[in-house]
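The values are calculated or read from the model by the stated rules, or taken from the named source; none is laboratory data. Being a predicted model, the structure only gives us computed values, none of them experimental. Every residue, glycine among them, receives a Cβ derived from its backbone with ideal geometry; neighbour counts consider all protein chains shown. With ligands, DNA and RNA removed, areas are computed over all heavy atoms of the protein, side chains included. Shrake-Rupley method; radii C 1.70, N 1.55, O 1.52, S 1.80 Å.
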Amino acid sequence: VQLQASGGGLVQAGGSLRLSCAASGLTLSSRDMGWFRQAPGKEREFVAAVSWLASTYYADSVKGRFTISRDNAKNTVYLQMNSLKPEDTAVYYCATGRPSSALVRSPRGYDYWGQGTLVTVSS
């Protein structure tokens, strides 16, 4: 099983990036997908998730700016990030699992993780 995250980079504040996470070795259509991020010296935090039924969940800090989506035919999940802020700077990780509703925002709800892609937002 492999999750390959891509699309990170350096962007100015107010700019946009689109992250992708392609899966191999498993079928995502019956699994929830999540994006988490970890800034230097901080704990990994929830960003967004999309359930296998296409329900979406967002952290308050990104609501209205980020959009998570999935393409089951391509076994890929995306995170469109708009109006980026310097505080969005972090390594972004995609993950998949079958979390309960109580764990959809917790790393404990996910059993496979990608390697991370760095997003740097300059002020």
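Charges were assigned to the Cβ only: +1 to each Lys and Arg, -1 to each Asp and Glu. The resulting dipole of the chain about its Cα centre is roughly 100 debye. At a probe radius of 1.4 angstrom, the accessible area of the chain per residue rounds to 50 square angstrom.
Under a cut-off of 27 Å between alpha-carbon atoms, report the lysines in cross-link reach of residue 85, not counting same-chain residues fewer than 8 places apart. Candidates past the 8-residue exclusion: 42, 63.
For a test of the definition: using alpha carbon positions, the gyration tensor, and the 1.5 limit on a/c, classify region 41-109 as rounded, prolate or oblate. Oblate shape, in that a/c is at least 1.5 and b/c is the bigger or equal ratio.
Hey, can you rank 87-93, 63-69, 9-15 by average C-beta count inside 10 Å, highest first?
Averaged packing, sorted descending, gives the order 87-93, 63-69, 9-15.
Take the solvent-accessible surface of the protein heavy atoms, probe 1.4 Å, and return the percent of it on the chain that carbon and sulfur atoms account for.
Details: 2950 of 6150 Å².
Ligands and nucleic acids excluded, carbon and sulfur give 48 percent.
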